[in-house]
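Reading through the structure tokens given below for one structure.
The values are calculated or read from the model by the stated rules, or taken from the named source; none is laboratory data. Source: prediction; values computed, not measured. When we count neighbours, we look across all protein chains shown, and the Cβ atoms used for this are built from the backbone with ideal geometry, even at glycine. In case anyone asks, the SASA skips ligands and DNA or RNA and just uses the protein heavy atoms, side chains included. Shrake-Rupley method; radii C 1.70, N 1.55, O 1.52, S 1.80 Å.
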Amino acid sequence: MYVKKQIRGLPAYAPGKPIADVKREYGLDRVIKMASNENPYGASSKVADRIASVASETSIYPDGYGTELRAALATKHQVDEKQIILGNGSDEVIQFLCRAFLSADTNTVMATPSFSQYKLNATIEDAEIIEVPVTDSGDHDLDQMLAVINEKTRIVWICNPNNPNGVAIDQNRFRKFLKQVPEGCLVVSDEAYYEYVTSTNFPETVSLLEEYPQLVVLRTFSKAYGLAGLRVGYGITSQAIAQAIDPVRPPFNNNSIGHQAALAALEDEAFIQSCKEKNKIEMNRLENFFESQGFYVYPSETNFLMIETGIPGNKVFQAFLEKGFILRSGEALGYPTGIRISIGSQEENDALLEVAPQIFASFNQAK
């Protein structure tokens, strides 16, 4: 069996433990999942109504062009619909970009730790991967990223805010960086958590597309919009890049229900604003608790926190798991003594804060 050399031994994506398995394994009646950065408030009620209205139409292929959704996104962002790239989640748009622009004689630049799909898809295309460590504060080292770009660099990835630590790059630093990137190199600003950002200095990247045609902005319906189970994401870029990528997009890569759900979600900005406000309140509660324990909490513009506890991440993960909380160990995310926690609802966070002091007290006693 002759498998591509670059994917031999490459690990497959490992999803978190299912809630049902955790309940059964530990004899628990309730398990709270706070590992996947999902919206704890679900989706707008408009979404379920819209899904119900098209649920009987599953025998018909979806609109392969996504005409309605493209038009709605073009209106929302004030761009031409031909500048929109629709994906099965923004992950698939990342795959399109790598397939279209990367090969064995090229390289790509990214921060580390950052979102794993940049490296995975670049590896599959056999491109050279140049990783630049984030700073001690968790920020992209933009100066060093500029320094390693060369004539073979085809894509630079900027995860903003960065996953897994939530740290964001401000408008001035991003624009300064963008001005210095060679025109032939794509700059991908992956903004999966854009709707949660509260900073007034966050880059408004869509408005920069006309000035910087090599810029690609990624957004998703999986986070604040609450459509993670339907896999709808998109990119916004120049028409030239969007049209260059389109041949690698599979036919019907979004389904009809996903299209309609996304359209309904776009109609309810009040729901998004409510989620954003509640997320900030609950994030502050969790941040205050972990800081009171003497832990470092990375400043986050997302719906999750990366906490440096000084304790091996897998041990903290296991301790919370046994109490019915699925968190994310930092060991697989580049933070060996960190833990990543998705911000839950008030009720979920109350439950977490009830057990957390005793869990950390037990670690202190074990020292």
(request) Find the residue count for segment 130-143, including only residues that are closer than 20 Å to GLY184 by Cβ and either in contact with a Phe, Trp or Tyr (Cβ under 6 Å, 6 or more places away or on another chain) or open to solvent by 50 Å² or more (accessible area, probe 1.4 Å) (or both). (result) 1
(request) Check segment 117-125 and report whether any residue there is β-branched (Val, Ile, Thr), modelled with pLDDT of 95 or more and open to solvent by less than 60 Å² (accessible area, probe 1.4 Å). (result) yes
(request) Could you pull out the residue among VAL188, VAL197, VAL216 that is out of contact with any Phe, Trp or Tyr (no Cβ under 8 Å at 6 or more places or on another chain), under 13 Å from SER90 (Cα atoms) and hydrophobic (A, V, I, L, M, F, W, C)? (result) VAL216
(message) Given the criterion touching a helix residue (DSSP H, G or I) at 6+ places or on another chain (Cβ under 7 Å), touching a residue at least 40 places away in the same chain (Cβ under 8 Å) and small (Gly, Ala, Ser), identify the matching residue among ALA55, ALA43, ALA71.
(response) ALA43
(request) Can you run down the residue pairs with Cβ atoms below 7 Å, 6 or more apart or on separate chains, where the first is in segment 1-21 and closer than 26 Å to SER36 by Cβ and in contact (Cβ under 8 Å) with a residue 24 or more places away in the chain and the partner is open to solvent by less than 60 Å² (accessible area, probe 1.4 Å) and part of a loop (DSSP other than H, G, I, E, B)? (result) GLY16/ALA35; GLY16/SER36; ILE19/VAL31
(message) Would you confirm, using the coordinates I've provided, whether GLU291 is at pLDDT 95 or above and surrounded by fewer than 18 Cβ atoms within 10 Å (Cβ to Cβ)?
(response) yes
(request) Could you give me the residue pairs with C-beta distances under 6 Å whose first residue belongs to segment 130-147 and is under 24 Å from LEU120 (Cβ atoms) and part of a loop (DSSP other than H, G, I, E, B), whose second residue is open to solvent by less than 30 Å² (accessible area, probe 1.4 Å) and of a type outside the set (D, E, K, R) wherever it lies, and which are 6+ apart or on separate chains? (result) VAL134/ALA111; GLY138/ASN165; GLY138/VAL167; GLY138/TYR298; ASP139/VAL167; HIS140/ALA111; HIS140/ILE169; ASP141/VAL132
(request) Specify the residue that is least open to solvent (accessible area, probe 1.4 Å); the eligible residues are those in segment 332-364 that are free of Cβ contacts under 8 Å to residues at least 24 places away in the same chain and of a type in the set (D, E, K, R). (result) ASP350
